[in-house]
Amino acid sequence: MMRIREAAPARAPAGPERSPDGIERRGGAGRRPGAVSCGPVRAPLDLAALAARLPPRPRTRFAPAPTGALHLGHVVNAIYVWGLARALGGEVVLRVEDHDRQRCRPAFERGLLDDLDWLGFEPDHYPTHAFRAGACEGRQQDREGVYREAVGRLVADGLIYGCTCTRKQIEEAGGTDTTELRYPGTCRAAGHPLDEGVGWRLRLDDRLVRFEDGRLGAQAQAPAAQCGDVLVRDRLGNWTYQFAVAVDDMAQDVALVVRGMDLLPSTGRQILMAELLGRHVPAVFVHHPLVMKSPSAKLSKSDGDTGVTDLRQQGWTPAAVIGAAAARVGLLSAPRALAARDVSTLFSA
Ligand SMILES: [Zn+2]
């Protein structure tokens, strides 16, 4: 069996605690505040088993949101995305997830395209110059018609309803469970028209969604109990992340979704939404460790010391940045220069 080459810790590695359900619980006891840790417990990744579940030349995607600058967390994601794609003989789609018009900025998009080029990660579909040239199918704000068409099918199936609830109202109705905001279904039978100014929600049944994470193994999630009926369009007219991603992954033939552990709890609802949208074979998901600023805080876009642009200005080379990122999550036992074209060596036998 081919296994991912990772530093093999003799004892349980330092990092956030993980519960048996595979969902990271941050804030483990006894950790020094501000210390840099390497993310959650590392699981082996069986490349042959992953390949057996995927079509030939499987497509995956790198999908940053232009709400800030690229940082080491994005570089880790790029290492996993390109590394697995190349090791599997697959292809990478570049997608700019700018569905949130209030938070996204064209300047951030330009920055992330420049940083990606500088690092040397080359997408197979929607190259960076295609985004710079203007409207591009890889950019969510240029896909309004695709989302309209997709939501139209759900509306025709009677699965979408209008919701006038504010976040505060949902919080107040949701009780004391603070792990996630759960929508209690207040407007399910209210008959609000699907106008501008109201949220659009997708009716979810209460089934348990089972899936096999490519790194973490068997998972089971109950989206209706976790989050309730999912918002597909917010009151400002933005398509939501959950909806846009489910539509795009299906429309762009993405067979393998490679993303950080922080998104693991939302995988069941993505699989369920894709099925309701008409996807017959669900994507295979691989959730990878996060670069943590501290045991209780994941790296954010405001952590300038780990921004790719900042490191670049400090004189780092692309290979040094990639090697440092790989070491932060245990893909290398220590930082060393690693070029973007060589990241598949981390995943090959
Ligand atoms: Zn409501």
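Any read-out appearing in this document is the output of simple, stated calculations on the displayed coordinates, not a laboratory observation. Predicted model, so just to flag it, every value in this text is computed and none were measured. FYI the Cβ positions are ideal-geometry reconstructions off the backbone, even for glycines, and counts take in every protein chain you see.
Determine the relative contact order of segment 17-346: mean sequence separation of Cα pairs under 8 Å and six or more apart, normalised by residue count, in whole percent.
Averaging sequence separation for qualifying contacts and normalising by length gives 26 percent for segment 17-346.
Would you mind calculating the gained length between Leu194 and Ala334 on full extension (0.36 nm times residue separation, minus the Cα-Cα distance), in nm to one decimal?
45.0 nm
Taking 0.36 nm per residue of separation and subtracting the current Cα-Cα distance, fully stretching the chain between Ala156 and Asp310 would add 50.6 nm. If you plug the beta carbon distance of Arg110 and Arg148 into 1/(1 + (r/R0)^6) with R0 = 25 Å, you get a FRET efficiency near 0.35.
Measuring r between the beta carbons of Trp118 and Asp253 and using R0 = 30 Å, the FRET efficiency lands at 0.60.
Counting only DSSP beta bridges with both residues in segment 17-346, the antiparallel share comes to about 60 percent. Loop-located trypsin sites (Lys or Arg not before Pro) in segment 126-185 (DSSP state not H, G, I, E or B) with no more than 12 neighbouring Cβ atoms inside 10 Å do not occur. Given R₀ = 22 Å, FRET efficiency for Glu180-Arg210 by Cβ-Cβ distance, to 0.05? The formula returns an efficiency of 0.70 here. Plainly put, segment 17-346 has a radius of gyration that is 0.95 times its Kirkwood radius, both from alpha-carbon atoms, as the Rg/Rh ratio.
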